[in-house]
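This report concerns only the one structure given below.
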Amino acid sequence: MNTKLDIMSEAEQFIIECYRELEKTEEETTARLLQVKSRFEQNSTIDLTSEELEHGAKMAWRNSNKCIGRLFWNTLRVADARHLETADEIRDALFSHIEFATNGGRIRPFITIFKPEQDGQAPVRIWNHQLLRYAGYETDSGIVGDPGSVAFTKECLALGWKGQGTAYDLLPLVIQVGGELPVWYEIPDEIVMQVPITHPEYPQLEKLDARWYAVPIISDMKLEIGGITFPAAPFNGWYMGTEIGARNLADENRYNMLPKVAELLGLDTSTQATLWKDRALVELNRAVLHSFKTAGASIVDHHTAAQQFKRFEHNESTAGREVTGDWTWLIPPMSPATTHIFHNQYKNKIVKPNYFYQEKAY
Ligand code: ARG
């Protein structure tokens, strides 16, 4: 927990930076600093204006060291949902988030920001890791679905939710208000865009029966702006193909599809040295990019994303800001050395505003 002194000095620093970037006048900045200070002395709270909240959320994206997609930080759309109180209201805002972000496939980077922490207490927590995610069930014949979701799926079942038991059951939203028991809500199918995975040349890959949802909406991180913490602030961009094709569907501890892909493609798997895993990986990733394109859902390949990141680095240096980054995350999980990122070094320094991991709510 931040001390009062931290909060005030972080708030001041944020206002100064934010107002400089928004090209506010000296007078406006000074007046706002005085106002923030006197309100904080009166009632120990800082209320950001909607404009400050919006720009702060954008800065937080710009400062996200692990993200290769930061070129678009200034296009983030922000919903100010700080006034919402009940689980039903929050559910409706989350449904709206899914619809606005999906936008029929032309995905819009978007964040919905709920009430900030007060005296170290979170007024709202979303238990889901992402708003859209597939369940994972432990069964006698192994895990069905996404092994990465097993722990959260157990929580949902314990709360009384029942899944169909397929490999791609959408988990419910689980919302907790203050210290109350969490409430779960099924997400209506109509608002969830999902993409069946097919290959442009190898129709047999349909037999994988693989699919993925179109929009990755991270919902378990906290947003910090000017010393204020927002424990519920789900945000999304669009996917880079490798996130699905080289990780979610490929990792051995996720959907583990490379052996099946190799078999369907008739690859020689008798020894590792045939590079069957690498060959299967490339085709699975081509399939992901092809399928999203066919479905009309935004997606970016890792080569294009790296070029965009290069433009971001250029823009930032023009703006007189240093680009911080986490190299281990910025390099794509396929053919990393074909991108300039691999051959660069990045300082993994934490600058705020930013998004942070927080303790699980369950
Ligand atoms: N890697 C995560 C996933 O596969 C999503 C993380 C956020 N990704 C993004 N493109 N904004 O679901």
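Quick note: the coordinates plus some simple rules give every number you see, no bench work behind them. The structure displayed is predicted, hence computed values, not measured ones. Because the Cβ atoms are built from the backbone with ideal geometry, glycine has one as well, and the counts that use them run over all protein chains shown.
Could you list 33, 71, 132 in order of exposure, starting from the residue whose Cβ has the fewest other Cβ atoms within 10 Å?
33, 71, 132
With r defined as the distance between the Cβ atoms of residue 23 and residue 121 and R0 fixed at 45 Å, what FRET efficiency is calculated, to the nearest 0.05?
0.80
Packing-wise, with mean Cβ within 10 Å as the measure, how do 218-225, 197-204 rank, highest first?
218-225, 197-204
Helix-only mean residue ellipticity at 222 nm, the chain, DSSP H runs n ≥ 4 weighted -39,500 (n - 2.57), per residue, nearest 500. What is it?
So the helix-based figure for the chain works out to -11000 deg cm²/dmol.
Could you pull out every one of the aspartates and glutamates with an alpha carbon less than 19 Å from that of residue 347, ignoring same-chain neighbours closer than 8 positions?
Output for residue 347: 313, 316, 322, 326.
So how long is each side of the chain along the principal axes, counting just the alpha-carbon atoms, biggest first, in Å?
Sorted largest first, the three principal extents are 71, 50, 33 Å.
Using only the alpha-carbon atoms of segment 212-329, report the extent along each of the three principal axes, biggest first, to the nearest angstrom.
Principal-axis extents of segment 212-329 (Cα, largest first): 56, 33, 30 Å.
Hey, what did segment 142-262 get for relative contact order, percent, Cα under 8 Å, at least 6 apart?
For segment 142-262, the relative contact order is 18 percent.
Using Cα positions and a limit of under 14 Å, work out the aspartates and glutamates in reach of residue 360, with same-chain residues fewer than 8 apart set aside.
Excluding near neighbours in sequence, the set is 155, 220.
What are the semi-axes of the equivalent ellipsoid for segment 8-110, taken as the square roots of 5 times the Cα gyration tensor eigenvalues, largest first, in whole Å?
After scaling each eigenvalue by five and taking roots: 28, 20, 11 Å.
Show me the GluC sites (Glu not before Pro) within segment 6-55 that DSSP assigns to loop and that have at most 11 other Cβ atoms within 10 Å of their Cβ.
23
Can you tell me, using C-alpha contacts under 8 Å and at least 6 residues apart, the relative contact order of the chain as a whole percent?
Over the chain, the number comes to 21 percent.
Can you list the aspartates and glutamates whose alpha carbon is less than 13 Å from that of residue 293, not counting same-chain residues fewer than 8 positions off?
List returned: 301.
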